[in-house]
Amino acid sequence: MQGHHLILGELVDLISGEIIQDTHDERYRQKLAHLLVNRKGYLKKEIQPRRELLVTAGDKSAIVKVDFVINVAGRTGMIVKYGPGSLVTRHRPALAASRLVDPYQVPIVVVTNGEDADIIDGATCKVISQGLEAIPARIELIKKISKTDFIEISPQQVEIESRIVYAFEVDGSCPCDDTICRL
């Protein structure tokens with residue numbers, strides 16, 4: 001046991017080809033990666049795994065990770081945030097992260113526990129579909145992007161969203177959680 005997770009060995013990350021720690025959570029992430037590539041048609045080069053995101057709350061800061069950032073047609077069109085357990089409690093921090101990964105609102109936000117998923121419209125914050133199979137395929141996301149006005153996130157909103165991510169992901173998290181880097 002190291003950090004926050006039981007280490008089961010090592011595995012090769014489907015997207016990056018890197019050798020990473022094999023944990024129960026990572027097995028779900030790899031299942032999601034296979035879904036995105038093999039069933040949803042995304043190219044590996046369009047998926048950025050474990051995207052680091054600097055978040056601040058006053059004089060506190062930390063680096064958290066967004067599990068998958070998907071870039072098609074020259075834009076970030078979707079993020080996927082994994083976490084075990086309840087999906088609804090993860091909506092707000094995932095929406096906040098979708099306003100921090102790029103200077104505009106990412107259109108599609110996926111919250112998943114690896115068994116189920118809520119697909120959220122980033123602009124309206126409404127759940128538009130549910131289930132892993134409802135995650136948009138590459139061609140669907142390209143169509144969505146072509147109809148999207150990419151609204152820039154104001155500096156004031158960035159500060160608010162950063163505080164939200166910090167509050168949900170960092171404050172109160174287990175000190176041994178090595179997926180978060182407190183600065």
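The values are calculated or read from the model by the stated rules, or taken from the named source; none is laboratory data. Since the model is a prediction, treat every value here as computed from it, not as a measurement. Using ideal geometry, Cβ is built from the backbone for each residue, glycine included, and neighbour counts are taken over all protein chains shown. Heavy atoms of the whole protein, side chains included, go into the accessibility calculation; ligands, DNA and RNA do not. Shrake-Rupley method; radii C 1.70, N 1.55, O 1.52, S 1.80 Å.
Only one of GLY17, GLY77 is of a type in the set (Gly, Ala, Ser) and under 22 Å from ASP121 (Cα atoms); which?
Only one candidate passes the filter, namely GLY77.
Is it fair to say PRO107 is closer than 23 Å to GLU52 by Cβ, in contact with a helix residue (DSSP H, G or I) (Cβ under 7 Å, 6 or more places away or on another chain), of a type outside the set (Val, Ile, Thr) and open to solvent by less than 20 Å² (accessible area, probe 1.4 Å)?
Answer is yes for this residue.
Might you check whether a residue that is among the charged types (D, E, K, R), assigned to a strand (DSSP E or B) and crowded, with 16+ Cβ neighbours inside 10 Å occurs anywhere in the stretch 20-32?
In the first step, residues of the stretch 20-32 are kept if they are among the charged types (D, E, K, R); the result is 22, 25-27, 29, 31.
When the remaining residues are screened for being assigned to a strand (DSSP E or B), the result is 22.
Those left that are additionally crowded, with 16+ Cβ neighbours inside 10 Å: 22.
Yes: the stretch 20-32 contains one or more residues that are among the charged types (D, E, K, R), assigned to a strand (DSSP E or B) and crowded, with 16+ Cβ neighbours inside 10 Å.
Among the listed residues TYR42, TYR82, which satisfies the condition of being at pLDDT 95 or above, touching a Leu at 6+ places or on another chain (Cβ under 7 Å) and within 23 Å of ARG182 (Cβ to Cβ)?
Working: TYR42 fails: within 23 Å of ARG182 (Cβ to Cβ).
Exactly one of TYR42, TYR82 is at pLDDT 95 or above, touching a Leu at 6+ places or on another chain (Cβ under 7 Å) and within 23 Å of ARG182 (Cβ to Cβ), namely TYR82.
Quick check on my filter: what residues within the stretch 46-93 are touching a strand residue (DSSP E or B) at 6+ places or on another chain (Cβ under 9 Å) and of a type in the set (Lys, Arg)?
Within the stretch 46-93, ARG50, ARG51, LYS60, LYS65, ARG75, LYS81, ARG90 meet the criteria.
With respect to the numbered conditions (1) in a helix (DSSP H, G or I); (2) surrounded by 17 or more Cβ atoms within 10 Å (Cβ to Cβ); (3) of a type in the set (D, E, K, R), which one is the sole condition not fulfilled by ASP118?
Of the numbered conditions (1) in a helix (DSSP H, G or I); (2) surrounded by 17 or more Cβ atoms within 10 Å (Cβ to Cβ); (3) of a type in the set (D, E, K, R), the odd one out for ASP118 is (1).
Open to solvent by 70 Å² or more (accessible area, probe 1.4 Å) and part of a helix (DSSP H, G or I) - does that describe any residue in the stretch 44-57?
Yes, the stretch 44-57 contains a residue that is open to solvent by 70 Å² or more (accessible area, probe 1.4 Å) and part of a helix (DSSP H, G or I).
How many of the residues in the stretch 130-175 are surrounded by 12 or more Cβ atoms within 10 Å (Cβ to Cβ), of a type in the set (S, T, N, Q) and not in a loop (DSSP other than H, G, I, E, B)?
Qualifying residue count, the stretch 130-175: 3.
In the stretch 5-23, how many are modelled with pLDDT under 90 and among the hydroxyl-bearing types (Ser, Thr, Tyr)?
1
Any residue in the stretch 87-107 that is modelled with pLDDT of 95 or more and in contact with a His (Cβ under 9 Å, 6 or more places away or on another chain)?
No, that holds for no residue.
So how many residues does the stretch 110-154 have that are touching a Pro at 6+ places or on another chain (Cβ under 6 Å) and not β-branched (Val, Ile, Thr)?
Total satisfying the criteria: 4.
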